Amino acid sequence: NYLAAKMLLFTPDKCKTALYNADDERVAQAMAAVPAAVPTHSVGIRASAEIYANDIEVGERGCSFRLTFNKRFRLSVQLKLSGIFNVYNAMMAAALCDAVGVKPDAIRRGLDVREDKVGDQFTVIAIVHDAAGWKTGEIG
């Protein structure tokens, strides 16, 4: 089961903070089972999420929206990429940056990039498709 395999990532020995798409009901329900030792933060386009986008406008040349972080601060975002999926990608990237202490202005500037490479460091996010893949290290 794909979701069960992903849930193996959210244990205290593998995860310090969990960010999840609150707009996916199956994921939101599954996250309720994450151990209390792993702080969780919801991300979505509904105001019920802790980190959410609203005033979303999607056009041929990009997207604009307002991103609110736990009611701590808001950012106006102008993406050079079109499509609602890119709003979700940007929200999750911004939430990850916030979780590791990146300042709001740097997050906004990072979302406004026009090149593929930003800096000289990167993080690999592993997407495990099933429990067997996690156990054997086969990540796809």
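Could we say that residue 108 is loosely packed, with under 11 Cβ neighbours inside 10 Å, basic (Lys, Arg) and part of a helix (DSSP H, G or I) here? Answer is no for this residue. Flag not set for residue 48, criterion: over 16 Å from residue 95 (Cα atoms) and of a type in the set (S, T, N, Q).
The condition (being at negative phi and in contact with a helix residue (DSSP H, G or I) (Cβ under 6 Å, 6 or more places away or on another chain)) is satisfied by just one residue among 94, 99, 37, 106: 94.
The set of residues in the range 48-90 being under 13 Å from residue 110 (Cβ atoms) and either modelled with pLDDT under 90 or open to solvent by less than 40 Å² (accessible area, probe 1.4 Å) (or both) consists of 67, 75, 77, 79, 80, 90.
Residue pairs whose Cβ atoms lie under 7 Å apart, separated by 6 or more positions or on different chains, with the first residue in the range 22-33 and within 14 Å of residue 49 (Cβ to Cβ) and the second at pLDDT below 85 and open to solvent by 90 Å² or more (accessible area, probe 1.4 Å), are 22/46; 23/46.
In the range 30-42 there is at least one residue matching the filter, namely being surrounded by 14 or more Cβ atoms within 10 Å (Cβ to Cβ) and over 22 Å from residue 97 (Cβ atoms). Filter the range 4-21 down to residues that are in contact with a His (Cβ under 8 Å, 6 or more places away or on another chain) and touching a residue at least 40 places away in the same chain (Cβ under 8 Å) and give me whichever is most open to solvent (accessible area, probe 1.4 Å). So, considering only residues that are in contact with a His (Cβ under 8 Å, 6 or more places away or on another chain) and touching a residue at least 40 places away in the same chain (Cβ under 8 Å), the one most open to solvent (accessible area, probe 1.4 Å) is 17.
Evaluating residue 1 against the criteria (1) touching a residue at least 40 places away in the same chain (Cβ under 8 Å); (2) surrounded by 12 or more Cβ atoms within 10 Å (Cβ to Cβ); (3) of a type outside the set (A, V, I, L, M, F, W, C) leaves one unmet condition, (2). For the range 124-131, the criterion of a residue being within 21 Å of residue 66 (Cα to Cα), at pLDDT below 90 and part of a helix (DSSP H, G or I) is satisfied by no position.
The values are calculated or read from the model by the stated rules, or taken from the named source; none is laboratory data. In this text, all values refer to a predicted model and were calculated from it rather than measured experimentally. We place every Cβ from the backbone using ideal geometry, glycine too, and count neighbours over all the protein chains shown. Side chains are part of the model used for accessible areas, which takes the heavy atoms of the whole protein and leaves out ligands, DNA and RNA. Shrake-Rupley method; radii C 1.70, N 1.55, O 1.52, S 1.80 Å.
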